[in-house]
Amino acid sequence: MLRCRDVPAEAEVLLDGELGFGRRVALRFHLFMCGNCRRYLSQLRLLLGAVPQMHGQASDEEVDQVLERLHDHSH
Amino acid sequence: MSSLHDDTSELAQLRSGDEAAFARLVRAHHRALLALARPIVGESEAAEVVQIAWIKAHAALKDFEGRAALRTWLSRIVINEARMMLRQRKREVFLEDMQPQGAGPFVDRFRSDGHWSAPPVNWHADSPDSLLTREELADCLATLLDSLPSNQRALLELRDSDGVPFDEVCNMLGVSASNARVLLHRARSRLFALVDHFEETGEC
Ligand SMILES: [Zn+2]
C-alpha cells in the first residue's frame, strides 16, 4: 500500500510523465481515498505551472543591450 | 507573458524577422535564460553565454518549426553555448557534484505510520497567475530560487521553467535519472513548503 509519505515523490514522477502503469494505478487509488494527498497534488501542479513565470520580464536596458549586440554582430 | 504557450501570430511575426516581435521575445525570456546559464557557467559568464545564444536564435528563428515551445528551444541553445564556453575554458566539470546530500524534504510532515502530521493547507491561489500576483510571495520565491544549490537550480530551470523533457534534462546535465529525481524533489519541495507556509501565515 502506498502511504501519504510516498506520495510527494510519486506525484512528481507522475507529473514528469515517467510513472509506470502499476505505480500510476497505486497512486490513483491512494488519491481516491485521501483528500490531503489530492490537495497536495493539485497544489503542486499549480506551483509548477507558475515556475516559468517566476523570473518576470527583462527591463528596457536589458532588452536594448541584447538588441545592440545583435546589430553590431550583423553589420 | 513568459508562459510555455506560444501565440501563433507572434510566431509568424518572429519567423518573418519582425524586430519588435524579437524584442518582445527577449523581454519575455531573457531573465529565465540567465537563470539557466548562471548555475552552469557562473554569474560572470552567464550574460555572455545568453547574449551569444540570442544571436544564434535570431539567425535560426526563420527555421523554427514550433515542435517545442520557444522557451524550450531557446534553453537548448543556451545549454549548447554554455557547454562550448566551458570547453573553451577547459573546465571539465559541467556542474559540481550532483550527489544529493543531507536529509530529504518533508521529513517532519509525516507521522511514523506514514500519514500526514502536517498536511498542506488549502491555498487561496487557484491558478499559477494568481499565485504570483502577491508581490511578497513572488519575492520570497525568487530569493529561495537564488539560494538553491546550483545542481538543483539547473534541474529546476530546465525541467519546470523551460519545459525540457526529464530524460533530456538528465542527458544535458550529465546526471543519472535517480539523482535528478532526488535533487528535483528537494528543490520542488522547498518551493512547495514556502508557498504552503505563506498561505497559512501570510508571511514567508
Ligand atoms: Zn495520502
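The values are calculated or read from the model by the stated rules, or taken from the named source; none is laboratory data. Being a predicted model, the structure only gives us computed values, none of them experimental. When we count neighbours, we look across all protein chains shown, and the Cβ atoms used for this are built from the backbone with ideal geometry, even at glycine. These accessible areas exclude ligands, DNA and RNA; they are computed on the full protein's heavy atoms, side chains included. Shrake-Rupley method; radii C 1.70, N 1.55, O 1.52, S 1.80 Å.
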### Query
Quick one: how many residues across region A:33-54 are buried (at least 18 other Cβ atoms within 10 Å of the Cβ), within 20 Å of B:THR72 (Cα to Cα) and more than 7 Å from chain B (Cβ to nearest Cβ)?
0
### Task
Filter region B:23-64 down to residues that are among the small types (Gly, Ala, Ser) and more than 9 Å from chain A (Cβ to nearest Cβ) and give me whichever is farthest from the chain's Cα centre (by Cα).
B:ALA60
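Residues checked against (1) surrounded by fewer than 20 Cβ atoms within 10 Å (Cβ to Cβ); (2) away from every other protein chain (no Cβ under 14 Å):
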{"position": "B:GLY66", "(1), (2)": "yes, yes"}
{"position": "B:VAL78", "(1), (2)": "no, no"}
{"position": "B:ALA82", "(1), (2)": "no, yes"}
{"position": "B:MET85", "(1), (2)": "yes, yes"}
{"position": "B:ARG89", "(1), (2)": "yes, yes"}
#### Entry: Close pairs from region A:36-57: first in contact (Cβ under 8 Å) with a residue 24 or more places away in the chain, partner within 16 Å of the ligand (Cβ to nearest atom) and β-branched (Val, Ile, Thr), Cβ under 7 Å, at least 6 apart
A:CYS37/A:VAL7; A:TYR40/A:VAL7
### Task
Look at B:ALA193 and say whether it is at the interface with chain A (Cβ under 8 Å from one of its Cβ atoms) and in contact (Cβ under 8 Å) with a residue 60 or more places away in the chain.
no
### Query
When both residues are 6+ apart or on different chains and their Cβ atoms are under 6 Å apart, which pairs have a first residue that lies in region B:160-171 and is over 14 Å from A:MET54 (Cβ atoms), and a second that is open to solvent by 20 Å² or more (accessible area, probe 1.4 Å)?
B:PHE166/A:GLU18; B:VAL169/B:ARG159; B:CYS170/B:ALA177
### Summary
Filtering region A:16-51 down to residues that are aliphatic (A, V, I, L, M) and over 16 Å from B:PRO105 (Cβ atoms) yields A:LEU19, A:VAL25, A:ALA26, A:LEU27, A:LEU31, A:MET33, A:LEU46, A:ALA50, A:VAL51
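One line per residue, one yes/no per condition, for (1) more than 30 Å from B:VAL50 (Cβ to Cβ); (2) facing chain B (nearest Cβ under 7 Å):
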| residue | (1), (2) |
| --- | --- |
| A:ARG3 | yes, yes |
| A:ALA9 | yes, yes |
| A:VAL25 | yes, no |
| A:LEU31 | yes, no |
| A:ASP72 | no, no |
### Summary
Reported set for region B:7-20 where residues are more than 10 Å from every other protein chain (Cβ to nearest Cβ) and surrounded by fewer than 19 Cβ atoms within 10 Å (Cβ to Cβ) is B:ASP7, B:THR8, B:SER9, B:GLU10, B:LEU11, B:ALA12, B:GLN13, B:ARG15, B:SER16, B:GLY17, B:ASP18, B:ALA20
### Query
Any residue in region B:118-125 that is away from the ligand (no atom under 16 Å from the Cβ) and either without any contact (Cβ under 8 Å) to a residue 60 or more places away in the chain or among the aliphatic types (A, V, I, L, M) (or both)?
yes
